[in-house]
Amino acid sequence: MIAGGEKMCRYLIASAVACMISATVHSNGRDHHEYCIIGAGPGGLQLAYFLHRAGRDYIVYEKGNTAGTFYTKYPIHRTLISINKRHTGKTNKEFNFRHDWNSLISDDKTLLLGKYSKELFPHANKLVQYLKDFAKKLNISVQYNSTIGDIRPRDQKSGLFHINDQNGRKYTCNIITVATGMAKPKLPEREALRNLTIGYHELSTDLDDFEGKSVLILGRGNSGFETAQYIMGRTNYIHMFARSRVKLAWSTHYVGDLRAVNNGLLDTYQLKSLDGVVTGHTAYIHAMRKNDGRLYVARRKADTGHSPSCRVENFALREGYDMIITCLGFMFDPSIFNESVDFQYKNEKYPRMSLQYESRDIPGIYYAGVTTHVLDHKRSAGGFIHGFRYSSRTLHRIFENKYHNIQWPHVKFPSALHAIPHLIKRINEGSDIYQMFGVLCDFMIFSKDSGEVIYVPAFPCALTPQFVEVSGHAVPGKLVVLALEYGKNFSDPAADVFSPHRAFPSPRLAHKSNFLHPVLYYYRHRPTVAQFSQRPEKWILPIPDRIHHIAEDFTTVFDAPRVHVLGVRRFLEYIVEKDLRQFYMRQCMIISLLSTTVPESCILYDFKGEGMSIRGEQSESLVEMRPWVLGGHGLQLKRFL
């Protein structure tokens, strides 16, 4: 274990502080827990599950009277856009989780959303019931009807966080994790605009309210298109005003962009059926006015290169509207913090945090759930349950190493030969690296002398320079990192992802692969912070000493012996400088008589404790015997294949 003295010292100090806290807190009449989680949504419940399983002292505070309070109202039109794929043709749980976008990780086989709904896009009420059952069946410690607020920085004397609920009841915590989600609706900046519009959060779901109405929607996210999809059969027309071009999820490969299930408005727009999308920022809307009960948009005067008359007469939004709806998304609500906290947003809506999910504003406070998507925004699936369930697990593993001196989960193999089947299995089944592609990576650590390989799964790729400190595993020398990636120039709003030349299934062209495929990075030495910061644009890791792209596969099954597995084996052979092919004993015997080198599989399996030994003195006698067997010619067997 690296940095052992310092790490053990830190662990002992943390343990001593915890014991001191336990003794002093109860004497003060406060409720105390080592871990306090605020919010019983999917992110908070997932973290709580792992803390519960590890036997840690924790509590979840939930402001509502049920788990998943956010989903009792949202999405407004009650249809989730997270895929509930119940059948894959396989029984492997980990593989099936690659395509289950709603379930949380647990050991209970009944706790899958597919047991609650058969719909591909389930009703939100099904998710609420599922989260409620998840908390109940797994005995998650949740205190409902508790609105936590007034969170201050850690007390310097006690080392504790002091928090209160709406009834003035006081609590203390060693570590706080905020899992309240993104529940604060974003509203127009100008008050005049807010007064004349209807927010997504206050929309009616009665379709009769939209009968024969002309509607303008501000915003082009999934909530805006979801609203349009719901009401478009009742309206005269719907115009959508967006600050940038529409980004389709199938082009960007980002699940937070517009999903096909909601893009009916694009169809009626392009087929000129009155509906339409206008691109521009809401700042260009100068004012609104009411006239005869209708709302009219006045554009801000600006030099557009056209004459004033053209600018006014052909203004896209010159028609009046019966209602204007704002669908500008959601943001984190910092009101849970005390006013003394200098809270600042990242990307206008997320809390700032480190790569270990720790708050940049209040050290010792962490985030779980959808807010952690700030670290993979516009890149991976961290904004959805199928992504942040793994972020919550990652946070728990960080806690275990940092506060309890427990290494990151790992598997040890006596050699690279033994590790190959596990590597292939992870490539084909691992759900964490599949859904959090480019964010979570698998690490293979090679020992210098023994040939042992330690396999560490689902570690944050961005923490590679801090791998030793965060995982608790030493990296004495060579390192291989497995990541799943799309082609670097394939994901773009303007990309033609349906081009006839979109796929490159040949192993010779694997480096040109566009679709999600495995990539192996080899480093003689672990990359430094400086190397990581200087990596090329679009690269998730620094340029390695050697790289291997595994050819993309139409079914994302990468187990073809020659197309996929052969390249992986040869890549590892280069690294360990050994023959990693598998042979029968008869073949091993022939090779041992004809060659001065023997494959690794023969050493580990066929000659280990049975038959002829090639170790020590017997190995030398065998080599001496070869010239006699070969008639003095000294013939050597070359590589098969």
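The values are calculated or read from the model by the stated rules, or taken from the named source; none is laboratory data. These figures come from a predicted structure and were not determined experimentally. Here the Cβ is made from the backbone with ideal geometry for all residues, glycine too, and neighbour counts use every protein chain on show. Accessible surface is based on the protein model in full, side chains and every heavy atom, while ligands, DNA and RNA are left aside. Shrake-Rupley method; radii C 1.70, N 1.55, O 1.52, S 1.80 Å.
A few points about this structure:
- Chymotrypsin sites (Phe, Trp or Tyr not before Pro) restricted to the stretch 401-504 and DSSP loop, no more than 12 other C-beta within 10 Å: PHE498
- 3J(HN,Hα) from dihedral phi, the stretch 54-59, Karplus parametrisation 6.51/-1.76/1.60, rounded to Hz, x for glycine, proline: 7, x, 7, 7, 9, 8
- Backbone geometry of the stretch 532-540 corresponds, through the Karplus equation with coefficients 6.51, -1.76 and 1.60 at θ = phi - 60°, to 3J(HN,Hα) couplings of 5, 5, 9, 5, x, 4, 6, 8, 7 Hz, x marking Gly and Pro.
- 5 angstrom amide H check on CYS441, placed H, neighbours 5+ away: ALA458, PHE459, CYS461
- In this structure, the amide hydrogen of PHE515, modeled 1.01 Å from its nitrogen in the peptide plane, lies closer than 5 angstrom to those of GLY487, PHE504, counting only residues at least 5 positions away or on a different chain.
- Per residue, in Å², the accessible surface of the chain once ligands and nucleic acids are set aside, probe 1.4 Å: 48
- Annotation: amide H-H contacts under 5 Å for GLY41 (H modelled 1.01 Å from N, sequence separation of 5 or more, or interchain): GLY68.
- Over the chain, relative contact order from alpha-carbon pairs under 8 Å, at least 6 apart, %: 11
- Protection proxy ranking of 564-574, 580-590 - average other beta-carbon atoms within 10 Å, highest first: 564-574, 580-590
- Protein accessible area in the chain, 1.4 Å probe - carbon and sulfur %: 52
- The stretch 51-104 shape via C-alpha gyration tensor axes, a/c threshold 1.5: oblate
- Folded to 0 to 90 degrees: helix 416-429 orientation relative to the chain principal axis, Cα: 20
- The stretch 68-112 and the stretch 46-63 have Cα centres spaced 21 Å apart.
- Exposure of THR91 as accessible area (Å², to 10), given a probe of 1.4 Å and all protein chains: 140
- Dipole moment magnitude, nearest 20 debye, the chain about Cα centre, only Lys, Arg, Asp, Glu C-beta charged: 520
- Relative to the longest principal axis of the Cα atoms of the chain, the long axis of helix 566-576 makes an angle of roughly 70 degrees.
- Integer Hz, Karplus 6.51/-1.76/1.60 couplings in order for the stretch 382-389, x for Gly and Pro: x, x, 10, 4, 5, x, 7, 5
- 0 to 90° range, to nearest 10: angle between helix 124-137 axis and the chain longest Cα axis: 50
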